[in-house]
1. Suppose all protein chains stay in the model; what accessible area per residue would a 1.4 Å probe give for region B:23-102, in Å²?
2. Return the single residue from A:82, A:53, A:40 with maximal mean-square fluctuation; model: Gaussian network over chain A, springs between Cα atoms under 10 Å.
3. Could you pull the Cα extents of the protein assembly as shown along its three principal axes, largest to smallest, in whole Å?
4. Quantify how strongly other chains surround peptide B:91-100 by giving the mean number of their Cβ atoms within 10 Å of each of its Cβ atoms.
5. I want to make sure I understand the PRE zone here: with the label point 7 angstrom from the Cα of residue B:74 toward its beta carbon, which residues in region B:24-38 have backbone N atoms less than 20 Å away?
6. Go ahead and set up a Gaussian network model of chain B, Cα springs under 10 Å, then flag whichever of B:12, B:74, B:89 fluctuates most.
7. Going by amide H atoms built from the backbone, whose H comes under 5 Å of the H on residue A:104, apart from near neighbours?
8. Using +1 at the C-beta of Lys and Arg and -1 at the C-beta of Asp and Glu, which of B:41, B:52, B:28 has the Cα lying farthest in the positive direction of the dipole of region B:23-102?
Amino acid sequence: QKEVEQDPGPLSVPEGAIVSLNCTYSNSAFQYFMWYRQYSRKGPELLMYTYSSGNKEDGRFTAQVDKSSKYISLFIRDSQPSDSATYLCAMRLYSSASKIIFGSGTRLSIRP
Amino acid sequence: GAGVSQTPSNKVTEKGKYVELRCDPISGHTALYWYRQSLGQGPEFLIYFQGTGAADDSGLPNDRFFAVRPEGSVSTLKIQRTERGDSAVYLCASSLRQQETQYFGPGTRLLVL
């Protein structure tokens with residue numbers, strides 16, 4: 001069993017829709033939770049970062065962490081075609097600053 | 001400003017050959033990381049440098065893989081006796097200091113025939 005599980009998709013939604021992306025994890029020691037966006041043939045770029053349970057909002061993006069359920073989500077409001085990319089959830093142990101554990105990524109397509 | 005750059009962008013080699021992949025981190029970043037991303041998967045950690053030294057090499061799959069960062073800036077990932085299973089995108093990232101945001105390069109796409 002992988003430490004971080006993520007539905008690979010692909011997920012296709014119409015422009016303007018609310019998108020929900022999710023990951024589950026098995027290691028309760030994970031303390032830092034991140035979402036990366038990766039466009040085709042590019043490296044991942046950090047979208048959001050949080051280390052506590054609850055919601056964190058940044059513009060059209062909301063990251064949600066539920067440590068009791070070991071479940072994290074990313075919501076995208078008013079989705080745009082430019083949001084079409086692969087979204088990777090990622091986690092880091094408090095005690096191991098160097099290593100990031102990534103999910104397998106969800107391919108998202110926003111239809112104009 | 002310039003981001004993380006990686007060369008070559010693509011590399012095709014034959015099974016058994018030796019390859020070197022180069023990473024130029026963001027200027028001033030002391031921490032440098034290598035990851036490997038197979039098709040349809042997320043990046044997988046390989047090795048982390050703090051300055052010139054490898055602080056964590058627990059992700060290197062076997063002794064065919066080796067990385068150096070002799071002057072604390074540019075890093076080279078070296079793969080000996082390449083195998084078809086080594087085919088992947090090799091990503092480099094750097095951060096200003098340990099535990100800070102990692103900025104990724106575009107990767108080197110390695111294909112072993």
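The values are calculated or read from the model by the stated rules, or taken from the named source; none is laboratory data. Because the structure is a prediction, the values reported are computed rather than measured. Reconstructed Cβ throughout: ideal geometry from the backbone, glycine too, with neighbour counts over all protein chains shown. Only protein heavy atoms, including side chains, enter the accessible area calculation; ligands, DNA and RNA are left aside. Shrake-Rupley method; radii C 1.70, N 1.55, O 1.52, S 1.80 Å.
1. 44 Å²
2. A:40
3. Ordered largest first, the protein assembly as shown gives principal extents of 48, 40, 37 Å.
4. On the way: counts 3, 1, 3, 0, 2, 0, 1, 2, 6, 1.
For this peptide, the per-residue mean of nearby foreign Cβ atoms is 2.
5. B:24-35
6. B:12
7. Long-range HN contacts for residue A:104: A:6, B:42.
8. So the residue furthest toward the plus end is B:41.
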